[in-house]
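Here the structure comes first, spelled out in structure tokens, and everything after it is commentary.
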């Protein structure tokens, strides 16, 4: 295939089949000698953590379009596996996902949005496989320690209850369950989990271990009792290679988390390359992308590392990124349960760079996926990719065995454009005639082809999404329009778990409550140094006024509450977040203004009259570095600062784990706020966008 330019514009000349005088290398596609491993599917991860947070409150039209691009067969990514976080009340990459059991006496399946997402995925593809994995655990699971393995029966019961909740409340059947994301595994726990699954009638659920590196394969080889309970060896970011011990186990091998790369064309190249080469090089039969969709704020960790982007629920804007179409080349023309052909007879490397894999459903249908991704245009975020070269080449595919009588193949084509070269995303070409059992293709660089006997496939055709819009100001939220245990729109909890509850105050209906009472068993290192934090808005905000009514709980209460501006980061870096944080301490009748969440950089403090119940906290920042605080309508401080950080989110939170309530939250431009004196009136706001055409 070639792309030509002329003076009148860019024209794409797509030559589907070439019989060339130049040499073409033969590659046999033959099932006469049987098949290779069973294909288990291609998927995406929602979680690890809170990566789908902003998706749930999209306008219904755009929400349906986005979900179709992800899950609807023959439309977009057509994903075959959905892996979700089992929420553990702790930060796990881009936010905290709520546990179904905040405490040992508490069990609730109305929390979080992974249930909703699994239901929506199943609506579109009833055959999609569901996979649950914890990143963290509520503190009580550790029985006073920071390990979930202190009492393996308690932890196994906690996980089995989540599986039961999925079935009882949402009629969801979980297919796979994991151990602990990227942490140590415990053999006694894995065996106990298998036993409890079987006792509770979940014999069909397969265990994936250990969602880390290949080390568990060595233990499986040595210990038959461990081999008996592990169904799949799942590894993260394997670089397309496995180990001899892993192959020796005979287990299915998965890249159970991979990709994690910015979703431009290089990200699509990374994804297309590993979808083929994870099997070609490492015999991995499933590859699952972290993450499913970038539905978390710009400014949090791992910007645009989803297969597509949707972080604008207030505008409805979203981006169908090119990794969606790299996915479609495999998923629209295969199903879990199909078989790879054997290496050398349908699976292998191309002589001049690139790879091909062929799959079949017992010889009835055939799909061949070919990729020629260059090194520099397919670099993933991890691991290191050694140098290699790809050149233009001709390839002849010789069909034998069950496929010897095939006379025509449908063809789909992608060209990833770089340096001004236009892209072609998942275009259906004219069918290719198979002549004397052979098909010869001219393969360029940074291309993906699918040849298939299936007469299916489709390029999603939703309307152009609405344009990007900055976060709307002024903004106010009274938390009344949500079900109990729901999370309010646009808030992105980073530490702690905040949910809407009925208020015990007769003058209020519903409030937002921080409910985590003790340090969770964290996934992020050092996250226990941080306090409960819930951010909202734009990481580019400079001159805004934020206010909230707040109180600490009478029982199991936090020591303080705060409101903040210019919070510069969340995610696993939350413990180092800088900004302007206005804390009030009701018991000791004092306040603090700090330049960081951990309260190590004190800017101002003093005594202040704090109500025993509700208090109204207000905080304003200006572009010149003026920071002003109010408590119950009274000016508390007005200070000039170093003006660092220069921009960031607004936020609410508490100075320790424990109950704290929030109500009547508001944000406005500083220029629009007139309470008190000493506020610089300035109308300047700074925003960035992720504008760009859909693929």
### Task
Please verify whether the range 567-587 includes one or more residues that are assigned by TED's automatic domain parsing to the domain that holds residue 667, free of Cβ contacts under 8 Å to residues at least 12 places away in the same chain and at negative phi.
no
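Listed here are the residues, each with its yes/no results for (1) modelled with pLDDT under 95; (2) buried (at least 23 other Cβ atoms within 10 Å of the Cβ); (3) over 26 Å from residue 535 (Cα atoms).
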site	(1), (2), (3)
95	no, yes, no
109	no, no, no
120	no, no, yes
127	no, no, yes
134	no, yes, no
144	no, no, yes
149	no, no, yes
153	no, no, yes
### Query
Consider residue 310 against the criteria (1) in contact with a strand residue (DSSP E or B) (Cβ under 6 Å, 6 or more places away or on another chain); (2) more than 18 Å from residue 234 (Cβ to Cβ); (3) not in a strand (DSSP E or B): it satisfies all of them except one. Which criterion is unmet?
(3)
### Message
Can you go through 481, 553 and tell me which one is assigned by TED's automatic domain parsing to the domain that holds residue 646 and free of Cβ contacts under 8 Å to residues at least 12 places away in the same chain?
### Response
481
### Query
When the range 407-434 is examined, which residues are found to be surrounded by 15 or more Cβ atoms within 10 Å (Cβ to Cβ) and farther than 30 Å from residue 318 by Cα?
409, 410, 431, 432, 434
### Message
Given the criteria in contact with a strand residue (DSSP E or B) (Cβ under 8 Å, 6 or more places away or on another chain), within 24 Å of residue 578 (Cα to Cα) and not assigned by TED's automatic domain parsing to the domain that holds residue 91, does residue 500 qualify?
### Response
no
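Let's see how each residue does on (1) under 28 Å from residue 526 (Cα atoms); (2) touching a strand residue (DSSP E or B) at 6+ places or on another chain (Cβ under 6 Å); (3) modelled with pLDDT under 95; (4) not in a loop (DSSP other than H, G, I, E, B):
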residue	(1), (2), (3), (4)
635	no, no, no, yes
646	yes, no, no, no
678	no, yes, yes, no
681	no, no, yes, no
### Task
Looking at (1) over 24 Å from residue 209 (Cα atoms); (2) outside any loop (DSSP other than H, G, I, E, B), find the lone condition where residue 153 falls short.
(1)
### Query
Here are 437, 458: which of them is surrounded by fewer than 19 Cβ atoms within 10 Å (Cβ to Cβ) and under 25 Å from residue 267 (Cβ atoms)?
458
### Message
Among the residues of the range 592-614, are any part of a strand (DSSP E or B), touching a residue at least 40 places away in the same chain (Cβ under 8 Å) and farther than 19 Å from residue 664 by Cβ?
### Response
yes
### Identity of the residue in the range 247-267, in contact (Cβ under 8 Å) with a residue 12 or more places away in the chain and more than 21 Å from the chain's Cα centre (by Cα), that ends up surrounded by the fewest Cβ atoms within 10 Å (Cβ to Cβ)
248
### Filter result for residue 373 (in a loop (DSSP other than H, G, I, E, B) and in contact with a strand residue (DSSP E or B) (Cβ under 6 Å, 6 or more places away or on another chain))
no
#### Entry: Selection status of residue 279, surrounded by fewer than 24 Cβ atoms within 10 Å (Cβ to Cβ) and touching a strand residue (DSSP E or B) at 6+ places or on another chain (Cβ under 7 Å)
no
### Task
From 598, 656, 605, grab the single residue that is at pLDDT below 95, within 28 Å of residue 519 (Cα to Cα) and surrounded by fewer than 20 Cβ atoms within 10 Å (Cβ to Cβ).
598
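The values are calculated or read from the model by the stated rules, or taken from the named source; none is laboratory data. These numbers come from a predicted model, not from an experiment. Ideal geometry is used to build each Cβ from the backbone, glycine not excepted, and the neighbour counts take in all protein chains shown.
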